[in-house]
Every structure is written in structure tokens, then in C-alpha cells.
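Chemist: The structure follows.
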Amino acid sequence: MANTLQHVAWESCLIEPSRDRALEAYARRRQGIPNPAIRYFAPVPWLVRALVDMHPEYGLLMHLEQSVADLVALVVSQENSCRFCYAAVRAMLWSQGMSIARIQRVEHDLTRADLPPRTVAALAFGRSQSRSGPAGARAAREALRRAGFGVDEMKEIAYVVANTDFSNRAHTIPAIPSRPFERIPERLHMRLVRPLLGRILKSRHARGRATPLARVPSSPYAGLVGAYAGSPIASALGRTLEEMWASPHLTRRCKLLMLAVVARGLECEVCGREVGEALQGEGLAEAAVAQVLTHLDAPELDAVERLLVPFARETIWYEPALLQRRARALRDRLSGPQFLEAIGVAALANGLCRMGAMVLDQP
């Protein structure tokens with residue numbers, strides 16, 4: 001079952017796996033099967049939980065069909081050249097009964113994929129947003145409206161795209177091994193257990209239910225969380241953000257600087273404004289923030305910030321192998337948890353900005 005990303009250059013993995021049985025058990029309870037990537041991220045628990053809890057199939061979607069969300073994740077992962085996520089989604093679709101021929105039609109030509117027009121529109125939206133980001137948000141939103149999507153459905157599509165962008169970068173930057181997933185449909189024993197595997201995966205899928213938001217967080221991106229109020233997405237997103245801010249491996253100011261750089265690089269004004277105000281609250285003068293965003297450096301930055309500010313910028317648009325080599329050089333100058341947290345923050349920043357432009361920047 002050759003796929004369209006096998007030609008993408010992919011470095012050897014940058015990080016060593018480590019065991020955390022509690023996190024592995026948590027992921028298995030949610031997903032139904034072991035997740036081999038968990039061991040690579042275990043030193044930073046918030047990142048592990050985000051990679052599990054923010055998956056839309058686990059009770060987050062109230063309006064968008066899960067089958068559409070799965071295909072959106074496939075085409076966005078293809079667009080981002082994430083061999084790991086692409087192979088994982090592809091294997092999941094195969095295990096749940098989608099034929100090889102149909103998967104290949106989705107990969108190569110949406111017009112021949114034998115899909116409903118609304119599904120094709122959602123997939124085209126995912127591809128366009130991964131290519132253009134916030135700059136194309138209004139045109140992308142209008143295309144979805146013309147296809148017949150309502151506001152709540154569009155918000156969920158934006159979430160699926162953003163979460164896939166987050167997951168793609170989290171797995172691409174450290175070059176998490178993709179070959180085990182790429183080989184799944186080729187292995188005889190996997191073909192034999194395919195029906196059972198499909199039932200296990202589907203048994204963990206759940207539709208979302210209206211969920212009151214206990215409180216809107218006061219930290220940056222509170223507006224984005226509030227925009228999903230009433231949806232279980234708000235709780236999952238709010239919890240991830242709170243855990244990210246509380247994690248001790250990078251300072252709050254360093255995380256804000258990374259978020260601000262990604263917002264500037266993607267020209268997301270709504271996100272950039274909120275993060276910029278928070279940076280001034282951290283004691284960084286407006287002139288210093290402007291210098292960082294313009295030159296990716298400033299005298300006020302500490303040694304870790306000076307490393308991670310330009311790195312964050314490089315995660316917006318990238319070729320996997322080049323970004324992985326850049327990350328390898330960065331890894332050698334940080335502690336293991338700092339390096340992993342930097343990956344998580346940069347990855348989350350990319351997803352948040354793309355989602356923020358779609359959800360908050362309404363005409």
C-alpha cells in the first residue's frame with residue numbers, strides 16, 4: 001500500500017523513548033490500542049495528554065461527521081508532509097474498512113474520490129488553510145458557506161485542521177519513526193486482525209455532547225476557548241492551555257515569545273494582539289517586543305529565548321528533514337524536557353493561530 005509521502009526525507013529520531021506507565025495506560029484507555037509515540041513525549045506530560053485528548057474522535061465533535069474529520073486529518077497531514085501522522089491516519093482508515101483504492105483517490109485527486117460535495121469542500125478547506133494560513137481565512141470560510149456548512153460545523157472543521165497542524169509538527173520536528181505505521185497494511189497478521197482492530201478503534205469514538213464551560217481561562221487565547229463555549233472542544237482546549245502554561249520547563253515569557261513569533265509569521269492579528277498584551281504584562285516593553293518580532297532577537301532575551309524565538313519562526317513553513325536537522329542542533333543546547341516543551345509550544349502555536357483566524361477574525 002505505497003503512499004504519497006514515502007519519498008519525503010525523514011531524519012533518524014531526535015529523542016530517546018522513555019517509559020511512563022501511567023501516561024501509556026491513559027492513552028490506551030482513550031484510544032483503545034497502544035500508542036507508540038507516547039514514550040517519546042513522556043517527560044512533558046501536558047504534551048502527551050494534548051496529543052491524546054485533543055483528538056476530535058474522542059467526544060469533541062457535535063456537528064461534523066467523524067468520517068469527514070478523519071479525511072481532513074489525512075489531507076492536512078499530506079499537505080504538511082508529516083510521514084508519521086499521515087501513515088497513522090491512513091492505517092486507521094484502512095483498519096476501519098476504507099479500501100486502498102479509495103484512500104489513494106483521496107490522496108491524488110479529490111474530484112475522483114467519489115465523495116459528497118460537502119466533504120470535498122471540507123478537504124479543500126483543510127489543504128488551503130495549511131498552505132495559506134490566516135491570510136486565506138476569510139476566503140476559505142466563504143467557500144465553506146457556499147458548500148452549505150453552518151457556523152458550528154465550520155468551527156469544528158477549523159478545529160480539526162488546527163489540531164492536525166499541531167499534531168503534524170509535534171511528530172515531524174523530532175522525527176518520530178513513521179515506518180511501523182507505514183507497514184501496517186503490508187503485514188499479514190495485521191490483515192488478519194483488521195476487522196477486530198477496526199471494531200476496537202470505532203468503539204472509542206464518541207459524539208460530543210453540549211458541555212458547559214466551567215470558566216473561561218484568563219491566560220492568552222481565552223477568547224478562542226470562549227468561542228467554543230458549549231462545545232467539549234472548549235474544555236479540551238482550555239485544559240491543554242492551562243497545563244501548558246503551568247509546565248515548568250520553559251518560562252511563561254519564553255512561551256509567549258514563541259507564540260507571538262508564530263502569530264506574526266502567520267499574520268494572525270487577533271492572536272498576535274492578545275499575546276502581545278500578555279508579553280507586556282511580563283515586563284517586556286513594547287519596543288522590545290517589536291524588535292523581537294522584526295529581528296527575532298533583542299538584548300532583553302535570555303539564552304534560551306534567543307534559541308527558541310528563531311526556531312519558532314522556522315516551524316511555520318518547512319521541509320521536514322531541514323527542520324529536523326535544525327531541531328537536532330537545538331536539542332544539544334537544551335535539556336530534554338526543555339526541548340520537548342519547545343516542540344509542543346511551537347506546534348500548538350501553529351494550530352492556535354490557524355484556528356484563531358478562522359474562528360475569531362469574523363468579517
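The values are calculated or read from the model by the stated rules, or taken from the named source; none is laboratory data. Owing to the predicted nature of the structure, the values given are computational and were not obtained by experimental measurement. Neighbour counts are summed over all protein chains in view; Cβ atoms, including those assigned to glycine, are modelled from backbone coordinates with ideal geometry. Heads up: the accessible areas ignore ligands, DNA and RNA and are worked out on the full protein's heavy atoms, side chains in. Shrake-Rupley method; radii C 1.70, N 1.55, O 1.52, S 1.80 Å.
Conditions (1) of a type in the set (D, E, K, R); (2) surrounded by 15 or more Cβ atoms within 10 Å (Cβ to Cβ); (3) closer than 24 Å to Gln291 by Cα, marked per residue:
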position: Ala210; (1), (2), (3): no, no, no
position: Pro217; (1), (2), (3): no, yes, no
position: Pro220; (1), (2), (3): no, yes, yes
position: Ala227; (1), (2), (3): no, yes, no
position: Ala234; (1), (2), (3): no, yes, no
position: Arg239; (1), (2), (3): yes, yes, no
position: Ser247; (1), (2), (3): no, yes, no
position: Thr251; (1), (2), (3): no, no, yes
position: Leu259; (1), (2), (3): no, yes, yes
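Chemist: Hey, another quick one. Suppose we filter the range 107-127 for residues that are at pLDDT below 85 and buried (at least 17 other Cβ atoms within 10 Å of the Cβ); how many remain?
Modeler: The total comes to 4.
Chemist: Counting only residues that are of a type in the set (Gly, Ala, Ser), open to solvent by less than 10 Å² (accessible area, probe 1.4 Å) and farther than 19 Å from Ile316 by Cβ, how many does the range 70-88 have?
Modeler: So the count comes out to 1.
Chemist: Can I ask one more? Within the set of pairs 6 or more residues apart or between chains, which connect a residue that is closer than 20 Å to Leu61 by Cα inside the range 211-231 to a residue that is open to solvent by 40 Å² or more (accessible area, probe 1.4 Å) and of a type in the set (Lys, Arg) with Cβ atoms less than 8 Å apart?
Modeler: If the second residue must be open to solvent by 40 Å² or more (accessible area, probe 1.4 Å) and of a type in the set (Lys, Arg), the pairs left are Ala227/Lys155; Tyr228/Lys155; Ser231/Lys155.
Chemist: Have a look at Arg326, Arg333, Arg313, Arg354 and point out the one that is charged (D, E, K, R) and buried (at least 23 other Cβ atoms within 10 Å of the Cβ).
Modeler: The unique qualifying residue is Arg354.
Chemist: For the range 137-158, what are the residues that are free of Cβ contacts under 8 Å to residues at least 60 places away in the same chain, surrounded by 14 or more Cβ atoms within 10 Å (Cβ to Cβ) and in a helix (DSSP H, G or I)?
Modeler: Result: Ala143, Leu144.
Chemist: Can I ask one more? Scan the range 62-69 and tell me whether some residue there is open to solvent by 10 Å² or more (accessible area, probe 1.4 Å), at pLDDT below 90 and out of contact with any Cys (no Cβ under 8 Å at 6 or more places or on another chain).
Modeler: Yes: one or more hits.
Chemist: Out of all the residues in the range 306-349, which are β-branched (Val, Ile, Thr) and within 17 Å of the chain's Cα centre (by Cα)?
Modeler: Once the filter is applied, which keeps residues that are β-branched (Val, Ile, Thr) and within 17 Å of the chain's Cα centre (by Cα), the range 306-349 yields Thr315, Ile316, Ile343, Val345.
Chemist: Looking at Val359, Val304, which is the one that is under 29 Å from Ala229 (Cα atoms), open to solvent by 10 Å² or more (accessible area, probe 1.4 Å), part of a helix (DSSP H, G or I) and among the aliphatic types (A, V, I, L, M)?
Modeler: Within the list Val359, Val304, the selection yields Val359.
Chemist: Looking at this structure, is Arg30 touching a residue at least 40 places away in the same chain (Cβ under 8 Å), charged (D, E, K, R), surrounded by fewer than 22 Cβ atoms within 10 Å (Cβ to Cβ) and more than 25 Å from Trp317 (Cα to Cα)?
Modeler: It is true that Arg30 is touching a residue at least 40 places away in the same chain (Cβ under 8 Å), charged (D, E, K, R), surrounded by fewer than 22 Cβ atoms within 10 Å (Cβ to Cβ) and more than 25 Å from Trp317 (Cα to Cα).
Chemist: Do you know which residues across the range 32-50 are within 17 Å of the chain's Cα centre (by Cα) and either β-branched (Val, Ile, Thr) or modelled with pLDDT under 95 (or both)?
Modeler: Step one: of the range 32-50, the residues within 17 Å of the chain's Cα centre (by Cα) are 35, 37-38, 40-41, 44-50.
Scanning the range 32-50 gives Asn35, Ala37, Ile38, Val44, Val48.
Chemist: Whether any residue in the range 5-23 is among the aromatic types (Phe, Trp, Tyr) and free of Cβ contacts under 8 Å to residues at least 60 places away in the same chain is what I want to check.
Modeler: no
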